[in-house]
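As structure tokens, the structure follows; a few thoughts come after it.
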Amino acid sequence: MTWTCSMTTYGCFQPSVIAAWLADYIMAESEAPSPSSEMKGEEGEPQIAILFIGVSLLLGVICRQLFRGTRVPYTVALLIFGVGLGAMEYGTSRGLGTLGASIRMWSHINPNLILFVFLPALLFESSFAMEFHQIRRCIAQMLLLAGPGVLISTFCLGLVHRFIFPYGWNWSTCLLLGGLLSATDPVAVVALLKELGASKKLSTIVEGESLMNDGTAIVVFKLFFQMVLGRHFTPGDVIKFFSQVAIGAVALGLGIGLVTVLWIWRLFNDIIVEITLTFTASYMAFFVAEMEAEVSGVLTVMTVGLFFAAFARTAFTGESQQSMRHFWEMISYIANTLIFILSGTVIAESILESHNSIQGKDWGYLVLLYVALQLSRLVVVVVLFPGLKYFGYGLDWKEAAILIWAGLRGAVALSLSLSVAQVSEAESAGYTLITRRTEAQFVFFTGGVVFLTLIINGSTTQFLLKALRMDHTSDTKALVLEYVRHEMYEKALESFQELGEDEDLGPAEWSTVCKYVTVLPYQAEVRPPAHPHEASANGEQTRMLILQDTRIRFLNGVQAAYWEMLDEGRITRTSAALLMQSVDESLDLVARHKPMMDWKGLQPHVHFPDYLKWSSSMLPQRLLSYLSVVRLELGCYIAAAFLRAHRQARRQLREFIGESEIAEFVIKESEDAEVEARRFLEDVRLLFPQVLRVIKTKQVTYAILVRLSHYVKSLEEAGLLEEKETNHLHDMIQVDLKKLQRKPPVVKMQSTQVVLSNQPFFGALPIEIQKDFRAAAKESMILREDALYTENSKADGVWLVANGTVKWSTEKFTGRQLLHPTFPYGSTLGLYECLTGRPRLCTVTADSVAHCFFIDIARVMSALSSSDPALEDFFWQESALVVAKLVVPQQFENITMQELRTLVAEASSMRTYIRGETVELEVGKIGILLEGFLKQEGKDDVIGAPAGLVSNSEFLLAGKDIAGSRTSSIIPQSAFYHVEARSRVLFIDFHSSQSTPSFVPLNPPRKTLSMGESAGLMRFGSRYLCSRKSSDGGPFSVDATQSHSASYSAKAMELSLYGSSKVPTDVGPSKASRRSRIMFQPESESYSNAASQGPAKQFSSAYALKPALPEVKWKSSLRANCSLITMRWDDTLTTICGTLTRKAEDTTTSHQHFGNSEVERCQATRRSAGRSGHGEDHDTMYRMKASLAIMREVVEKTRPLVSLGAALFHQLWCNLWLVLYGMILRMCRTGAVLLVLWVILNFPVQSDFLSWKAEKLC
């Protein structure tokens, strides 16, 4: 019977005819001589082995195309094709010619070579493709099935072989066949589970069990194979053998994986080398494990693959990731195609060529063995079900049923059976345990089981899934899918409106487009679907399902954003791995109807390390800085990526779902999770801003290089660059990218000496005291919510806040909740308590991570023991900064520490009073009682230090308004306090600070003044100059104590403003002075708002000319100029009074040389007046002081009149200028405006000249 005679008519192509022909053909040719002798010459040519590979791949392509979309596993079809090829080669007399010779070469290949060729690629691809998070959660279930499960299956099948099969095998032979049949190969089931959308945990368990129990089954097989060959093992030897093989394999796999991953991390955009390394690692690991280390090669390769999945997945990004995935998918496809077709040919050969060893009853025992195999699988799952249900994700009865039915056998079992069949006579000499019949039976039963499990189990798993409703799409997903289809319809309409008509070709037909775009819903324009979240009103259970689905989609969007940021270079590989892991863990929680908690998984990595609190003496400073920078960089990368990914996911969710209650609920969860991430970044910005700066520099550099690469590529695609030019530019960019990866910008941490020197209090001290304090300072990092000290505790030292923010709380001084009870960096805490010996005034805790230095109280007091009284005054002034915030919070709450330090340095004075004197608190001033006791005039209550002193306010009738009703106002008056004990009071002049103009002149003054000589409140030292030129050119001296104290305060203020002891080079003296002035302007107020607080509404004529001044803030300038005249008049009067006061104090100082306070000197002079004979001089001094007091009162009374007069004069002056130059302004516009305003702003009264005249008069 030939092919031509059998296939002449079309009817022969009917399935029944083909089956009959195949049976007759096999029976007719079964007794024909084997063509092996005829093909011997051809078999000797090794190149014909390539033909089998080509035919197998061609059959694989045909199967993949024919069965695509049918849910029939293509591996089952490959096995059938292999059996058919083997049947035609081994079951016919003619054979398949050259193809048959190639098949015979592959069929007679060494079974170990099959394992060495195919198994490493299949094992590595499966383990590398699995999600490490899923493996970690399911590892206990996988170990149960691969360990005890394989042993239970082996002994169950061994019992069947021993007591049911009539072959008389001993226990070793029975367990040997049971061991090799325990190796599962559920490739078809895993592919089907992924295609049908089954749960990931089930796919992970099935595939992970296959990976592990392949190794376990091979180890068990080797053990019993050695027993069959005559070796004897004690129980101890068995345990040692299993431990050595398993543990050694894992250790070897970890070593090879670590070396390969580190090598890959050193590469950059070299996908060919990366793929080659993974391929080499898999095969070298299997070879070294099996041939050199004598451990399990399967477990070794599996460990290498899992190590790659855990630590190297983020090493492949963008195109390299796609290339890697496609390569290993191709390798897996080729290996599966070849091995399943080869398995089919081997099965056919074992059946057709061993008919003398295989009898009819063996076919019945094959069916019985298949049933026993399913029952043993049932026993394994039932026995281990409690553990499978308890560990990992758990397991329900439906998933257990799939697990039982998914116990397919494959190439591993078949290869092991072939290795038994090829035992040499030398190996089995003297032993009759394995005969030729036994070898044939092993191959027959193994091949039959592989065929039956693939054909029956593999092809019917989809029906079992459907029966258990595990492939059913939930109602929630169906609603979302229908909603998406409707949105697709809208997008299609938009695209058609954009592309449907062409000026050259004309319009397109929408009806025809709809016929070809079948994904669009029918009649979508008539009946739009309901919103997918509207079903949440049907019940709480439906709402929970919709909420769960929305959370899952949101987290998937977050994870996609992480991958995108990794491709863009915004995050590192380590941070990307942690971010991905956090999303996976959150998805597990959401699957159990819990809220999103992806930030919880990131919290251990986003915080300041505890070793920051360690002293630098415990660890080398370089090591401590390196560890701190690495940890902080990782935390910043994670926090910034978390915030960016959640923002992007929220935007995408709103665009996809729209407005809904459930979507807003999920978005609220996301926004709540961002609070801690933002707080961490703020802490780093306060404490280590250089870390954020370096991270942003890396991101920007990477983005620029990537954009340049895309630009070069676009030029090449446009034909503007040749290939050689493109390659040259591309190589240059790649070199820069590699340099950025290997040698990125380094964070430079400031040394302790620099940090301390920039602290205002410490930096203003003399060099000798700085050295003493630096040697005794204890550096520490105070973590958030940790306490520096508590209220009423003993004062043991001073805390210098170098970086960060601390907050205070107390119940003594305020009864209301403050908005900003904080002390920023640069604050000096606890100094007042050390000076007075009092317990702590408040509790201070870290509001952020604070970098602090602690100086013991003994060192502080020793610094005060020096002979410099100005240093003591500076200490009191510095302590008053904190006391003012505590005792007068209403006045100082909204003033920053920098502003308060400037206010104390420039607009304050400190006096010491003795018992019996009266303290006058003038209007516009606030007093801080630092020492002693006072009693306010008219009241009996005694005020003890520390306390705030404010002026009185009297409620008086002020007259009638336009409507005739009585109006009232609050008129402030000076307050008087009687000294009950020696007291120290710091006066802060708020009126002087508020009169400072908040504007910047367009041009600098004609006379360039230094920082210390510039006029106004914020000048650095015009009041505190140590010497000043007189009229004849010679210097004259002022109070040295006041001068030195002022120099300390000025330097501290400079450090507070600029962060270092040097003024920035780009800020000149006038700019620095103006910057200091503007600091009193609230940040929320604009330039015009601050200037509008002056007499704004008086400039009616100037307001009428506003259209002529479109680009100049003329209104603000005029108002500010009016305020400037008033302020400078006040400053002139204050200068005159101050000069007279200093002369009076100089008179007192010339008679008495002890005591720094004028009151103490006066009292001491009184006591010694009779003895020293200077009574008349003292009376003169007191009369002068009385005159000065009267003069001050006159100045205060005349100040409103002077201000009003200056305003009227300035109004007339400005109107005159504006009228004269009105026409010029319209013609010259901006140039004329600048000229006029320059003239106006440079017409001020020179207060320095009046000050000099006052000093000459004195």
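Within the assembled protein chains, the solvent-accessible surface assigned to Ile80 is about 90 Å², based on a 1.4 Å probe. Put a dot 7 Å past the Cα of Met284, heading toward its Cβ, do the same for Phe976, and the two dots end up 9.7 nm apart. The H on the amide N of Leu930, modeled in the peptide plane, is under 5 Å from the matching H of Arg984, Val985, Leu986, each at least 5 residues off or on a different chain. Cross-link pairs exceeding 23 Å between alpha carbons, from the set Lys201/Lys594; Lys696/Lys738; Lys600/Lys739; Lys778/Lys885: Lys600/Lys739; Lys778/Lys885. Computed from backbone phi, the HN-Hα couplings of the stretch 227-233 come to 5, 5, 7, x, 7, 10, 10 Hz, rounded to whole numbers (Karplus: 6.51 cos²θ - 1.76 cosθ + 1.60, θ = phi - 60°; Gly and Pro given as x). Residues of the stretch 974-991 falling in the label zone of Lys935, defined by backbone nitrogen less than 17 Å from a point 7 Å along Cα to beta-carbon, are 976-983. The peptide list 647-660, 560-573, put in order of mean Cβ contacts within 10 Å with the highest first, becomes 560-573, 647-660.
Given a 1.4 Å probe and the protein chains as shown, Arg685 ends up with an accessible area of around 110 Å².
Taking amide H as placed 1.01 Å from N in the peptide plane, the amide H of Ile943 sits under 5 Å from that of Leu934, Lys935, Gln936, each at least 5 places away or on another chain. The label point for Arg742 and the one for Gln359, both projected 7 Å from the Cα toward the Cβ, are 7.3 nm apart.
Give me the number: length gained by fully extending Ile767 to Leu715, i.e. 0.36 nm times residue separation minus the C-alpha to C-alpha distance, one decimal in nm.
12.5 nm
Once the C-beta distance of Glu509 and Glu722 is scaled by a Förster radius of 35 Å, the resulting FRET efficiency is 0.20 to the nearest 0.05.
Would you please give the FRET efficiency between Thr98 and Gln65, computed as 1/(1 + (r/R0)^6) with r the Cβ-Cβ distance and R0 = 22 Å, to the nearest 0.05?
With R0 = 22 Å, the Cβ-Cβ based efficiency is 0.30.
Full extension of the chain between Trp263 and Met732 yields a length gain of 166.6 nm, computed as 0.36 nm times the residue separation minus the alpha carbon distance. Available extension along the chain between Trp397 and Arg231 is 55.5 nm, counting 0.36 nm per residue and deducting the alpha carbon span. Here r is the Cβ-Cβ distance between Val367 and Arg437 and R0 is 25 Å; the resulting FRET efficiency, rounded to 0.05, is 0.80. The listed residues His978, His710 rank as His710, His978 when sorted by accessible area, largest first, using a 1.4 Å probe. Computed with a 1.4 Å probe over protein heavy atoms only, the accessible area of Phe680 comes to about 10 Å². If a spin label sat at a point 7 angstrom from the Cα of Gln690 along the line to its beta carbon, the backbone N atoms of the stretch 729-759 nearer than 19 Å would be those of 743-759. Taking amide H as placed 1.01 Å from N in the peptide plane, the amide H of Ala802 sits under 5 Å from that of Gly826, His851, Cys852, Phe853, each at least 5 places away or on another chain.
The values are calculated or read from the model by the stated rules, or taken from the named source; none is laboratory data. Computed from a predicted model, the values in this text were never measured in an experiment. Positions of Cβ are backbone-derived with ideal geometry, glycine not excepted, and every protein chain shown enters the neighbour counts. Only protein heavy atoms, including side chains, enter the accessible area calculation; ligands, DNA and RNA are left aside. Shrake-Rupley method; radii C 1.70, N 1.55, O 1.52, S 1.80 Å.
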